[in-house]
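Worksheet for the structure shown next.
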Amino acid sequence: MPVVVVANPKGGVGKSTLSTNVAGYFASKGYSVMLGDADRQQSSRLWLGLRPPTARPIVGWEVGEDRLAKLPKGTTHVVLDTPAGLKGSRMKDVLRHADKVIVPLQPSIFDIFATRAFLDEIKAHGHPGMQVGIVGMRVDGRTLAADKLRGFVDSLGLPVLGYLRDTQNYIHLAAHGLTLFDVAPSRVEKDLAQWQGICRWLDA
């Protein structure tokens, strides 16, 4: 049962957007998907409450305050949305469950410096076989900030799974409990193209 953790020490970088869309991708493949939300804001849990009954099912994973609950039988894929400031014993507990960790990163110097230290912690507390990938969030590839982000990511020796543009598609779909993978591909063609590398990595 693959467990995908979406984590970054800063808030507002797009963790819930990534988490819900990863869950939506797995559901679109016909898997039995569970989405957990360890963030106090409970954005992913709210999103689940908005999800229409006609959409492919994604169930919630009750995540405790101190430790993650044991995963129930019958689930094939799990996605965990994590809070800002993830560290210490809580971080160790999350990484203990993780098969893959996606780190969303915006082209901001503050995000870049905070994420460097966070990636060092992941390396220290992760387990053999755990994979880590970076996703650039709200990136305009024509900007100097995007060039700096690419330079930073290249120095890490970690795979860049994709760069996602800043678009209202994610906001509009989330308001209805939906993802890119729940609507006609023609509606979100550019965004699905940016997800190809992420999807390949998730399937590997």
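Values quoted throughout were computed directly from the atomic coordinates according to the rules given, and no laboratory measurement underlies them. From a predicted model like this one, the values you see are computed outputs, not experimental measurements.
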Which entries in Lys123/Lys190; Lys10/Lys148; Lys92/Lys148; Lys87/Lys190; Lys92/Lys190 show an alpha-carbon gap greater than 26 Å?
-> Lys123/Lys190; Lys92/Lys148; Lys87/Lys190; Lys92/Lys190
Tell me which aspartates and glutamates have Cα within less than 19 Å of Lys73's Cα, excluding those fewer than 8 residues away on the same chain?
-> Asp37, Glu62, Asp99
Under the Karplus relation with 6.51, -1.76 and 1.60 and θ = phi - 60°, whole-Hz ³J(HN,Hα) for region 180-187, x at Gly and Pro, equal 4, 8, 9, 10, 4, x, 5, 6
Residue-by-residue Karplus 3J(HN,Hα) for region 154-170, coefficients 6.51, -1.76, 1.60, Hz, glycine and proline x = 4, 6, 7, x, 10, x, 8, 6, x, 10, 9, 6, 7, 9, 6, 4, 5
